[in-house]
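Note sheet for the following structure.
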Amino acid sequence: MNKTCERPALDDIVISRAIIESYNKKLIDALEADVAIVGGGPAGMICGYYLSKAGKKTVLFERKLSIGGGMWGGGIMFNEIVIQDKAKEIFDELGVTTRLYQPNYHLADSIESVSTICSKAVKAGLKIFNLISAEDVFVENNRISGLVLNWTSVEMAGLHVDPITMRSKYVVDATGHPSEVVHIAEKKSGISLNTETGKIMGENSMWAEVGEKAILKNSREVAPGLYTCGMCANAVYGGNRMGPIFGGMLLSGKQVALELIQKIDKGD
Ligand code: 48F
């Protein structure tokens, strides 16, 4: 046998084929889902965790290489976060270590928080696609019915490359402050938003107590088929920002997930 044709024990071509075959399968499978979440910050990840745990087919698209959004950096890059009593129940369920600072203020290490949420969500069945950006919404019969996706690298390089489309029963905008999906829907879908003005109202300045309360009221269906979640909810409905307290993000993600589970079960 010709020496150059001998297969090594570890063949580079087999490694490449394994990755390409497996990713292709995963991506094709993600083209139709119950719920598509945009943004892998704390709100989107928690939403994805509860949906997947309930057996709903859920895919999450994250623009960056890593998930976690604004959680890694805690406050001013001090990698500690604060959560309140109500949200601590979620961290207890996931197994994130918390330390009581004073009544209703619990500290958690932001690195442990992000990595544990991610691990639990993936093991619950959430399919996460990093390095993919949602660049548009897919609209059918006056309803947001999915996403238009492209590689983040295409977006960054400004290349003229057409995207692909996926369909889902519901889309969740968990893109944080920029509320990108709702902005796209407002600008391009022709569907009016169910805010007071029918338009995006913009976020208000920092006020943790008010912002944290408002976020649960604002985490809702903003247009048929499209939900706000996490900081996006306050940015869309004119709520306050709240800085490095993360309870509202976790509770918002869970609330949206529970509502969608009910709707999907009812066949809405
Ligand atoms: O910003 P981010 O962490 O949103 P969140 O889950 O949490 C907000 C907090 O981090 C913090 C706060 C706490 O009080 O106010 O800001 O609501 O995560 C949003 C993620 O969405 C990704 C982005 O890279 C980030 O990881 N993202 C944004 N736009 C797109 C996107 C897009 N068009 N496609 C894909 N991913």
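Tabulated values for the structure
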{"item": "Residue in the stretch 199-215 that is surrounded by fewer than 24 Cβ atoms within 10 Å (Cβ to Cβ), in contact (Cβ under 8 Å) with a residue 12 or more places away in the chain and in contact with an Asp or Glu (Cβ under 8 Å, 6 or more places away or on another chain) present", "result": "yes"}
{"item": "Members of the stretch 220-248 that are under 15 Å from the mean Cα position of the chain (by Cα), assigned to a helix (DSSP H, G or I) and more than 7 Å from the ligand (Cβ to nearest atom)", "result": "ALA233"}
{"item": "Hey, LEU260 in contact (Cβ under 8 Å) with a residue 40 or more places away in the chain, assigned to a helix (DSSP H, G or I) and within 10 Å of the ligand (Cβ to nearest atom) or not", "result": "no"}
{"item": "Members of the stretch 102-127 that are surrounded by fewer than 21 Cβ atoms within 10 Å (Cβ to Cβ) and either within 24 Å of LYS25 (Cβ to Cβ) or aliphatic (A, V, I, L, M) (or both)", "result": "LEU107, ILE111, CYS118, SER119, LYS120, VAL122, LYS123, ALA124, GLY125, LYS127"}
{"item": "Enumeration of residues in the stretch 47-72 that are assigned to a helix (DSSP H, G or I) and under 8 Å from the mean Cα position of the chain (by Cα)", "result": "CYS47, GLY48"}
{"item": "Single condition SER252 does not satisfy, out of (1) touching a Ser or Thr at 6+ places or on another chain (Cβ under 9 Å); (2) over 10 Å from ALA43 (Cβ atoms)", "result": "(2)"}
{"item": "From ILE90, ILE128, ILE117, residue being in contact with a helix residue (DSSP H, G or I) (Cβ under 8 Å, 6 or more places away or on another chain) and either more than 14 Å from the ligand (Cβ to nearest atom) or assigned to a strand (DSSP E or B) (or both)", "result": "ILE128"}
{"item": "Residue list for the stretch 151-166, restricted to those being more than 16 Å from the chain's Cα centre (by Cα) and either part of a loop (DSSP other than H, G, I, E, B) or not hydrophobic (A, V, I, L, M, F, W, C) (or both)", "result": "SER153, GLU155, GLY158, LEU159, HIS160, VAL161, ASP162, PRO163, THR165"}
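Every number here is computed from the coordinates shown, using simple stated rules; none is lab data. Nothing here was measured: the structure is a model prediction, and the numbers come from that model. In this analysis, Cβ positions are derived from the backbone assuming ideal geometry, glycine residues included, and neighbour counts consider all displayed protein chains.
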